[in-house]
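This report refers to the structure that appears directly beneath it.
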Amino acid sequence: MIERFVTAAAFVAAIVLTLAAPVRADDGPYPRPVPPDIVKQIQTPAKVSVDGSTLHVDGIIIDEAVNEVERQLRAAGSNPIRSLVIRSGGGEGNAGIRFGEIVRDWKLAVTVDHRCMSSCANYVALAARELYVPD
């Protein structure tokens, strides 16, 4: 019993000492500034286009891209959009949720083109009427 107490006390002491240790800026990967090319990629909305009854989305899911998706769906008129082909590394959570709601409400079939990560997988793909993930 005493051995367990000593082991537990040593564990707690190690945690306390680790948390109390001073942190310097050069101690690891953070806080390093985000490279400008990554910032630009994150802030650039996905490219949205229509080919017949298929909507194509390629890129980061942010509000501007979701607004364009909604605009394209409404503008389709007599040739309604029935499917979505998406390639995305993800994006903002709230934009992804809104995009998923649009996919669900418009009852779109979704095909993943190469990748669908983060917000794309969590919200857009799961809201599909049918989901296709080719090899």
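Using the structure shown, decide if residue 105 is at pLDDT below 95 and acidic (Asp, Glu). Criteria not met by residue 105. Quick check on the range 68-81: of everything there that is within 19 Å of the chain's Cα centre (by Cα) and buried (at least 17 other Cβ atoms within 10 Å of the Cβ), which residue is farthest from residue 55 (Cα to Cα)? Among residues in the range 68-81 that are within 19 Å of the chain's Cα centre (by Cα) and buried (at least 17 other Cβ atoms within 10 Å of the Cβ), the one farthest from residue 55 (Cα to Cα) is 68. Filtering the range 49-107 to residues that are part of a helix (DSSP H, G or I) and among the charged types (D, E, K, R) leaves 63, 64, 68, 70, 71, 74, 98, 101, 104, 105. Residues in the range 84-110 that are farther than 16 Å from residue 47 by Cα and among the hydroxyl-bearing types (Ser, Thr, Tyr): there are none. Across the range 82-104, which residue is nearest to the chain's Cα centre (by Cα) among those that are within 15 Å of residue 67 (Cα to Cα) and open to solvent by 40 Å² or more (accessible area, probe 1.4 Å)? Here the answer is 92.
Of all residues in the range 39-67, those being open to solvent by 50 Å² or more (accessible area, probe 1.4 Å) and either of a type in the set (D, E, K, R) or closer than 21 Å to residue 134 by Cα (or both) number 9.
The values are calculated or read from the model by the stated rules, or taken from the named source; none is laboratory data. Keep in mind that what you see is a predicted model, and the values were worked out from it rather than measured. For neighbour counting, all protein chains shown are included, and Cβ atoms are generated from backbone atoms with ideal geometry for every residue, glycine included. To get the accessible areas, we keep the full protein, side chains included, count just its heavy atoms, and leave off ligands, DNA and RNA. Shrake-Rupley method; radii C 1.70, N 1.55, O 1.52, S 1.80 Å.
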